[in-house]
1. Between Met130 and Glu217, how high is the FRET efficiency from 1/(1 + (r/R0)^6) when r is the Cβ-Cβ distance and R₀ = 22 Å? Nearest 0.05.
2. Counting DSSP beta bridges with both partners in the chain, what percentage is antiparallel, nearest 5?
3. On the Cα set of region 204-298, report Rg and Dmax in Å, please.
4. In region 70-161, which trypsin sites (Lys or Arg not before Pro) fall in coil by DSSP and have 15 or fewer other Cβ atoms within 10 Å?
5. Based solely on C-alpha atoms, express the radius of gyration and the Dmax of region 248-317 in angstrom.
6. With just the Cα atoms of the chain, tell me how far they stretch along each of the three principal axes, in Å, largest first.
7. Enumerate the calculated ³J(HN,Hα) couplings along region 218-231 in order (Karplus 6.51 cos²θ - 1.76 cosθ + 1.60, θ = phi - 60°), each rounded to whole Hz, writing x wherever the residue is Gly or Pro.
8. 7 Å from Cα along Cα→Cβ at both Asp305 and Gln28: what's the point-to-point distance in nm?
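No value in this document is a laboratory result; all are computed from the given coordinates. Given the structure is predicted, the values throughout are model-derived calculations rather than measurements. Reconstructed Cβ throughout: ideal geometry from the backbone, glycine too, with neighbour counts over all protein chains shown.
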Amino acid sequence: MNAPNSAAATPAAAHAVDYAIAGYWLRQWHGPSTVRVSPHGIRPIAEGALPGARPLPGVLLPGFRDAHVHLGLVEPRALIAGGLAAVDDLGGDPDRLREFEADDAVPTLNYAGAFITAPGGYPATRAWAMNLNVAEVSTGESAMEAVAQQLASGATMTKVTLDSDDGPVIDDDTLQALVEYAHSRGSEVVAHVQGAGQAQRAFSAGVDRLAHTPWTERLDDRLIEEMAQPNSRFLSGRHSWISTLDIHGYGQRGPSFDIASDNLRRFHSAGGTVRYGTDMGNGDLPLGLNQRELTALQDAGIRYDALLRALCLPGFGNTVSYIPTVPDADTDLASWLMSAVVVSPRELLDPGFADAVDHSMSACSGNASALAETAPIPTPWRNPS
C-alpha cells in the first residue's frame, strides 16, 4: 500500500481526526483503540473505538529506524519509500549530511560525521571512503579536536574505528580521551570494532555502542554478561550493539555470520540492548527495510517485542509505520513488517487518505464497533514464551 501524496493536503484538511484502529504497538501490543491525528503528531487517546472515529484497518507502530547507514554511498531519497522513518549515519561528509538533514524527502537523520581513526587506519585507505570523511588522529588532543569539529558541523554522535585486522588503531590513552571528551559534550561514541580484543577495548573505554555485532571472534561469556548490564559509564545508562548481521554473506551467511549470530544471541539473552542496523551502503543491501536482517535477528532469538524494540523509534512522534493488515497467529513477523509504509500526520489528515480508508473498509462487513470487540494481535506475539 502506498501512502497518499502529502502534497495534496489543503488548508481545508481537518485540524484533528480520530481513527479507530485494530491495534498499535508502543513498547508492547495494544488491542483495538482510538488514535488522534493532528498537525502536531499522532497519539492514542482511548481503548476501543470512540463514537465518530473513522475505522482504519490494520495497525500502527512507531517509525522504523536503521541505526547504521552511510547516506553518501546510497540514494537517501529512496529510503522512506523503503519503509524507513529514521536513520543514523555512522560515517560521512558533514556538509552533505547537513543537506540531507534539511531534505524532507530523506528520513529523520542523526549523524556522526567523519570516521575517527589512527593514521593509516581503517577506512583511510579504502577507495569508497573518499566519498565520506576520515579524520586521522594520534594523540588525545587531536582526538578531542576531531570530536569537536564533528559536533560543530552538526553531528550528534561520534564514530571511531578500531580495526586491527586492517591497519593501525589508536592507543588506549587516545581512545579514553576521545570517549571522555565526547561524553562531556553529550555525544555518544559508536565504534567499529574488528580484530582480536577490540570489542573489549571499546567497552573498557566506555564506548556507548558497537557499530556491528562482533564477528571476528567469539566473545567470552563473562564479557558479554558485563556488556549487557546497566552501567552509568554510558550516556544512556547502557552499552548497546547494532546488529548488521546481513553484511556477512548478504543472505548466504557463513562463518562470520555464525560467529556474529552466536555473540548476538548471548548478548540478547543476557539482557543486552540491540539496535536494528544494516550498514546500508556496504555491499548488496536493499534501500530500505531489510527482511534478511530482520530474519537473522529472529534466528538469533530477538523476536516479538524484542525485535520491535530494536527496530522502532521510542514513540509515534511526527511519523508512524502503518501496516494495513492484521497478522494471523502463524504470520512471520519479519515478512509482515515488510508491508509497512511511513506516514505522517499531514498524510493522515489528507482527505485523500480518508478516501483510501473508506475504499479499504468497503470490502469489509465490519465497522468500528466490531473492531473494538476483537483483539487482533496473535496471543504468542503478546505473550511470547
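1. Step by step, r from the Cβ atoms, then E = 0.15.
2. 40
3. Values for region 204-298 (Cα only, Rg and Dmax): 13.2, 39 Å.
4. Arg126
5. In order Rg, Dmax, the Cα atoms of region 248-317 give 12.4, 40 Å.
6. That gives 67, 46, 38 Å along the principal axes, largest extent first.
7. Result, rounded to whole Hz: 7, 6, 5, 4, 5, 5, 4, 4, 5, 4, 7, 8, x, 7.
8. In this crude spin-label approximation the distance works out to 0.5 nm.
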